[in-house]
Amino acid sequence: MSGRFVRASKYRHVFGKSTRKEFCYDNLRISRNAWDTNLVKANPEYLSVNWEASGGGAFAVIPLGEKGKVPDVIPLFRGHTAAVLDTDWNPFNDRLVASASEDGKVMLWQVPQGFTLLTDAEEPADVSPVAKLTGHSRKVGQVLFNPAAENILASASGDLTIKIWDIGAGSPVHTLKHPDIVQSLSWNASGTMLVTTSRDKKLRVWDVRQERPAHEGPGHEGAKNSRTVWLGEQNRFATTGFSRMSDRQLALWEPGNNTPIGGFKTLDSISGVCMPFWDDGCNCLYLAGKGDGNIRYFEYENDKFEFLSEYKSVDPQRGIAFVPKRGVNVHENEVMRAYKTVNDAYIEPISFTVPRRAETFQSDIFPPAAGIKPGVSASDWLSGKSGLPPKIDFESIYEGNAPVEVPADYKPPASTPAPAPAPAPAPVSKPAPKKEPESTPAPPPTIKEQNRSMASIASKYDDNDEGDDDETSSFEEISKPVQRSAIPAKSEPKPPSPTKTTSAAPPKALPSLKSPTYAPAASTAVPASPGGSGVETTLEQIKHLLETQTKMISVQGQQINHLTTEVDGLKKKVGSGSQDQSERIRQLELELEELKS
């Protein structure tokens with residue numbers, strides 16, 4: 001059997017949709033610093049963008065609703081004395097953002113209430129930090145909030161340490177000593193483990209609160225940077241990097257193993273780093289190439305990454321951010337949204353959508369996702385406790401209500417498909433009804449006349465059951481038949497048996513092959529039962545008419561078979577006989593054709 005097997009997946013047809021220039025965020029001055037970060041971060045309310053600013057480092061915050069051209073002068077978040085290298089939004093507070101800078105400091109910022117870029121002031125006031133976290137001795141390249149514990153922040157520095165901060169207390173609570181520069185880091189869903197990639201080409205999985213690596217092993221062998229992302233609640237993480245031949249690779253790992261599951265998967269030979277992003281609700285992995293315009297996406301299933309599709313663009317991205325799951329547009333069947341930088345001048349939203357026409361909530365593509373409440377407090381996390389944050393039900397968001405929380409371990413019930421309509425039962429040949437006593441025998445009506453009679457009865461009750469129709473005839477509507485006091489009994493003529501003839505003797509006279517003449521359809525009605533309703537009476541009439549029609553079809557079939565045999569026998573015996581016999585045969589054939597029709 002030939003043909004290509006197509007894997008079933010509800011995300012198989014997800015496609016990325018770009019945005020017109022007028023609905024992008026234009027007139028930006030995105031940082032041109034060469035440090036390998038994503039340059040932009042997003043939450044459901046704001047974008048934070050590393051800014052090309054003079055007189056020290058700064059970054060900009062852009063409300064997502066203020067699309068179009070940004071004013072030439074906007075309020076910036078200033079406070080660093082050197083370029084800002086990375087930012088990250090608090091997962092439980094959409095107005096709290098952390099920043100990392102070349103000045104070796106980590107700062108926390110609160111977005112002012114009602115913050116907007118569209119002000120009438122000629123020189124809008126900049127925003128100052130609400131806290132400064134000092135402790136690193138060299139530049140800080142990455143900051144990343146804990147996804148489950150409140151107010152826990154990780155920062156990776158060029159001083160070869162990763163510090164874990166309690167931002168409520170403003171002090172570091174754990175320090176992870178790293179042998180080389182950290183290139184990327186990622187938390188697991190419960191915020192207890194941290195995976196890192198490093199310039200020494202090794203992968204390390206850290207037990208953060210024990211301040212030691214739980215596992216250390218070889219990673220990608222290429223000389224260029226590698227990235228990592230933990231697959232949410234799965235006990236797996238993915239990495240992107242390069243081979244010795246500088247081919248881009250993707251790998252899936254289980255903590256504790258030194259070899260990737262299924263080996264390294266070669267992607268292409270483009271030189272830019274692949275930035276990975278994980279969607280825990282859909283179990284999908286997105287890979288955005290730095291320096292090219294492509295975004296691949298895969299579905300994680302059975303310990304494999306199954307390729308879904310690829311978004312392609314002629315505009316390369318140098319930075320990109322993906323919005324948290326709770327920020328997608330469920331009314332448009334949007335399962336993910338990204339914000340990519342274009343030419344360091346504007347940011348373009350890209351919407352990833354499942355193409356469906358249904359106008360109701362699609363529960364199968366929107367399982368519950370992490371909400372805005374932490375799983376544990378900072379003090380509980382520091383004391384050794386852990387827990388997943390409660391999730392929110394997207395159906396409540398779809399209906400325009402406040403998000404409804406569900407437990408962290410909630411699994412949506414398997415959607416039960418609507419039962420398929422039962423197939424119509426095949427017509428079953430009814431047993432021959434018992435022969436009724438022949439009180440006043442009368443020839444039954446023709447089939448056409450019965451059809452007309454039934455049509456006139458059924459036309460009054462168009463919504464009646466159709467399961468009693470054994471024949472699919474196109475009925476002609478006539479007047480309602482007159483009822484009689486008795487059911488007519490059909491006289492069933494016994495088919496004549498073939499008789500032996502000789503060529504010398506002419507054949508015996510055969511019964512006429514024309515349709516027998518019957519009583520008119522008006523005489524075939526069934527009497528109404530006393531006290532019964534009109535509908536029951538009509539159904540009884542139709543039932544008896546169908547029984548009579550079944551008998552007629554059977555008798556006429558027998559007659560046709562018999563007469564066909566007679567005609568064939570006459571042809572063989574007559575051969576090239578007299579002209580009268582030939583005429584007789586032609587006449588029989590014409591009558592036989594008329595009966596069949």
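The values are calculated or read from the model by the stated rules, or taken from the named source; none is laboratory data. Bear in mind the structure is a predicted one, so any value in this text is a computation, not a measurement. Reconstructed Cβ throughout: ideal geometry from the backbone, glycine too, with neighbour counts over all protein chains shown.
Summary table
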| item | result |
| --- | --- |
| Neighbours by Cβ (under 7 Å, 6+ apart or cross-chain): first from region 549-561, without any contact (Cβ under 8 Å) to a residue 60 or more places away in the chain and surrounded by fewer than 17 Cβ atoms within 10 Å (Cβ to Cβ); second assigned to a helix (DSSP H, G or I) and not hydrophobic (A, V, I, L, M, F, W, C) | Ile560/Lys596 |
| Residue satisfying condition, being in contact with a Gly (Cβ under 7 Å, 6 or more places away or on another chain) and more than 23 Å from Asp36 (Cβ to Cβ), within set Lys304, Lys290 | Lys304 |
| Residue that is farther than 24 Å from Asp268 by Cα, in a strand (DSSP E or B) and more than 32 Å from the chain's Cα centre (by Cα), where the choices are Gly217, Gly256 | Gly217 |
| Filter pass, Arg12 being closer than 23 Å to Arg138 by Cα and basic (Lys, Arg) | no |
| Subset of region 268-325 (residues that are within 30 Å of Ser190 (Cβ to Cβ) and basic (Lys, Arg)) | Lys290, Arg296, Lys304, Lys325 |
| Residue satisfying all of: in region 10-19; buried (at least 18 other Cβ atoms within 10 Å of the Cβ) and over 30 Å from Pro71 (Cβ atoms); modelled with the highest pLDDT among these | Val14 |
| Selection from region 215-234 of residues that are basic (Lys, Arg) and surrounded by fewer than 16 Cβ atoms within 10 Å (Cβ to Cβ) | Lys224 |
| Selection from region 67-93 of residues that are out of contact with any Phe, Trp or Tyr (no Cβ under 7 Å at 6 or more places or on another chain), crowded, with 16+ Cβ neighbours inside 10 Å and part of a loop (DSSP other than H, G, I, E, B) | Ile74, Pro75, Gly79, His80, Ala83, Phe92, Asn93 |
| Test result for Thr228, within 21 Å of Cys284 (Cβ to Cβ) and assigned by TED's automatic domain parsing to the domain that holds Gly289 | yes |
| Every residue from region 240-258 that is β-branched (Val, Ile, Thr) and modelled with pLDDT under 95 | none |
| Matching residues in region 68-109 - criterion: being farther than 15 Å from Val127 by Cα and among the hydrophobic types (A, V, I, L, M, F, W, C) | Val70, Ala82, Ala83, Leu85, Trp89, Phe92, Ala100, Val106 |
| Members of region 94-116 that are under 14 Å from Ala58 (Cα atoms) and assigned to a strand (DSSP E or B) | Val97, Ala98, Ser99, Ala100, Ser101, Val106, Met107, Leu108, Trp109 |
| Of residues in region 311-328 being assigned to a loop (DSSP other than H, G, I, E, B) and not hydrophobic (A, V, I, L, M, F, W, C), the one nearest to Pro44 (Cα to Cα) | Pro324 |
| Condition check for Leu153: among the hydrophobic types (A, V, I, L, M, F, W, C) and either under 28 Å from Lys325 (Cα atoms) or surrounded by fewer than 22 Cβ atoms within 10 Å (Cβ to Cβ) (or both) | yes |
| Breaking point among (1) out of contact with any Pro (no Cβ under 7 Å at 6 or more places or on another chain); (2) at pLDDT 90 or above; (3) not aliphatic (A, V, I, L, M), for Arg357 | (2) |
| Exclusive hit being without any contact (Cβ under 8 Å) to a residue 24 or more places away in the chain and closer than 23 Å to Gly55 by Cα, set Gln110, Gln142 | Gln110 |
| Hits in region 331-368 - residues which are closer than 19 Å to Phe394 by Cβ, of a type outside the set (S, T, N, Q), surrounded by fewer than 17 Cβ atoms within 10 Å (Cβ to Cβ) and more than 12 Å from the chain's Cα centre (by Cα) | His331, Glu332, Glu359 |
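Every residue, every condition in (1) modelled with pLDDT of 80 or more; (2) within 30 Å of Ile295 (Cβ to Cβ); (3) in contact with a helix residue (DSSP H, G or I) (Cβ under 9 Å, 6 or more places away or on another chain), yes or no:
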site: Asp344; (1), (2), (3): yes, yes, no
site: Gly371; (1), (2), (3): yes, yes, yes
site: Lys434; (1), (2), (3): no, no, no
site: Pro445; (1), (2), (3): no, no, yes
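Conditions tested, residue by residue: (1) of a type in the set (Lys, Arg); (2) in the same structural domain as Gly191 (by TED's automatic domain parsing); (3) at pLDDT 95 or above.
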| position | (1), (2), (3) |
| --- | --- |
| Ala8 | no, no, no |
| Lys21 | yes, no, no |
| Cys24 | no, no, yes |
| Lys41 | yes, yes, yes |
| Glu45 | no, yes, yes |
| Val49 | no, yes, yes |
| Gly55 | no, yes, no |
